[in-house]
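No lab work stands behind these numbers, since they all come straight from the coordinates. Treat the numbers as computed from the prediction; the structure is a model and nothing was measured. Glycine also receives a Cβ, built like all others from the backbone with ideal geometry; neighbour counts cover every protein chain displayed.
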Amino acid sequence: MTKEKLGCAGCRAGVFEKPFSMAFQPIIDLSGGVFAYEALVRGPQGQPALSVLGEVDAGNRYSFDQSCRVKAIEVASGLGAADHGALLSINFLPNAVYEPRACIQKTLATAAATGFPTDHLIFEITENEEVLDHDHLERILTAYRAMGFRTAIDDFGAGFSNLNLLARFQPDLVKLDMDLIRGLDRDRVRRAIISGILNVCDEIGVRVIAEGVETVEEHNALVDLGIGLLQGYLYARPAFETLPPIDLPGSERRALTA
């Protein structure tokens, strides 16, 4: 059976039976406001993501991926996430996408039903599963870009696979792996690596997000390196079914709204 036929069958049937909802963590833009909210899976009363992700297997992966897209858009739309220009970043499972234009139909229908603008969607490659077919992943990302969505590579710098993907396909965004961020203010090697990534991404027109920022010192070091998109506990923790308020540290401290 072809991937296209499997995708069509999956679109017609299959329900992820475990109830869940979403928390939202902002990605801030130092030029002002919220750049995007990342939708993060939680249990129905805000339980940790593992309580839901632990129920995902090969048999329900497709329906889970579809359900996550629907839930993220529905909840974000109800909260007015896009009302002031903020984007919505949705993690997706590449191995759950059979044929990109077929598998996106439920997402498009949900956006239309809720009035959520599709040009405000970012699809972020999650590291929750090993990418089995990099050619197929490239086709997915190319199709998403052609449909007007933004794309992002998560955990960039954690291994060679995303470097190879970047060489083949240039997304709109890369999110630096948080292990590179941790303690970079005291580590010249981490700063040198991040500086090199920034130079490459600037050369090919890809924006960089630093995720997992936890200390003022890390924030200051990232600002000194020229990174303007930041995410982490320092600014706001994920908030269950809520868009959390945000503060910048130190002399830059000020409340930001989307």
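Any idea what the relative contact order of segment 3-243 is, in percent, if you count C-alpha pairs under 8 Å spaced at least 6 apart?
Values: 412 pairs, mean separation 51.1, N = 241.
It comes to 21 percent, rounded to a whole number.
For residue 109 and residue 45 in one chain, what is 0.36 nm times their gap in residues minus the Cα-Cα distance, to one decimal in nm? Provide the component values of the computation, followed by the final result.
Numbers: separation 64, 0.36 × 64 = 23.04 nm, distance 2.64 nm.
So the extension gain works out to 20.4 nm.
Grab the DSSP H runs of the chain that are 4 residues or longer, score each as -39,500 (n - 2.57), total them, divide by all residues and round the 222 nm result to the nearest 500 deg cm²/dmol. Mind showing how you got there, number by number?
Values: 10 runs with 99 residues, N = 258.
Calculated mean residue ellipticity at 222 nm is -11000 deg cm²/dmol.
Using modelled amide H (1.01 Å from N, peptide plane; none on Pro or chain starts), what sits under 5 Å from the amide H of residue 151, excluding residues fewer than 5 places away?
Here 123, 172, 173 satisfy the definition.
For the ranges 182-192, 91-101, what's the packing order if you count other beta-carbon atoms within 10 Å of each residue, average per peptide, and put the highest first? Don't jump to the answer; show the numbers that get you there.
Values: 182-192: 14.6, 91-101: 19.5.
So the peptides 182-192, 91-101, ranked by packing, come out 91-101, 182-192.
What residue among 200, 174, 216 shows peak mean-square fluctuation when the chain is described by a Gaussian network model with Cα springs under 10 Å?
Highest fluctuation of the listed residues: 200.
Report ³J(HN,Hα) in whole Hz for each residue of segment 94-99, in order, from the Karplus equation J = 6.51 cos²θ - 1.76 cosθ + 1.60 where θ = phi - 60°; Gly and Pro get x.
Here the 3J(HN,Hα) series is x, 6, 9, 9, 7, 9 Hz.
Can you tell me the FRET efficiency between residue 118 and residue 168 if r is taken as the Cβ-Cβ distance and R0 is 30 Å, rounded to the nearest 0.05?
The formula returns an efficiency of 0.75 here.
Contact order normalised by length for segment 69-198, with contacts defined as Cα pairs under 8 Å and 6 or more residues apart; what percent is it? All intermediate terms of the calculation are to be shown ahead of the outcome.
Numbers: 155 pairs, mean separation 26.3, N = 130.
20 percent.
Any chance you could give the angle, 0 to 90 degrees and rounded to 10, that helix 3-12 forms with the longest Cα principal axis of the chain?
80 degrees
Using the Cα gyration tensor of segment 145-245, with a ≥ b ≥ c the square roots of its eigenvalues, what is the shape: rounded (a/c below 1.5), prolate (a/b larger than b/c) or oblate (neither)?
Details: a/c = 1.94, a/b = 1.13, b/c = 1.71.
Since a/c reaches 1.5 but b/c is at least a/b, the shape of segment 145-245 is classed as oblate.
Only sites in a loop by DSSP and with at most 16 other Cβ atoms within 10 Å count here; which GluC sites (Glu not before Pro) in segment 28-79 make the cut? Working shown, then result.
Working: sites: 38, 55, 74; in loops: 55.
Counting only loop positions with at most 16 other Cβ atoms within 10 Å, the GluC sites (Glu not before Pro) in segment 28-79 are 55.
Show the residues, 5+ positions off or on another chain, whose built amide H is closer than 5 Å to the amide H of residue 209.
174, 175, 176
Going toward the positive end of the dipole of segment 45-137, with +1 on Lys and Arg Cβ and -1 on Asp and Glu Cβ, which of 58, 91, 70 do you reach last?
70
Within the chain, how many lysine pairs that are 8 or more places apart, or on different chains, have C-alpha atoms less than 26 Å apart?
10
Suppose the chain between residue 57 and residue 126 were pulled fully straight at 0.36 nm per residue; how much longer would it get relative to their current alpha carbon spacing? Provide the component values of the computation, followed by the final result.
Working: separation 69, 0.36 × 69 = 24.84 nm, distance 1.54 nm.
Working it through step by step, the gained length comes to 23.3 nm.
So how far apart, in nm, are the two label points at residue 247 and residue 139 if each is 7 Å from Cα heading toward Cβ?
Each label point lies 7 Å from its Cα, and together they span 5.0 nm.
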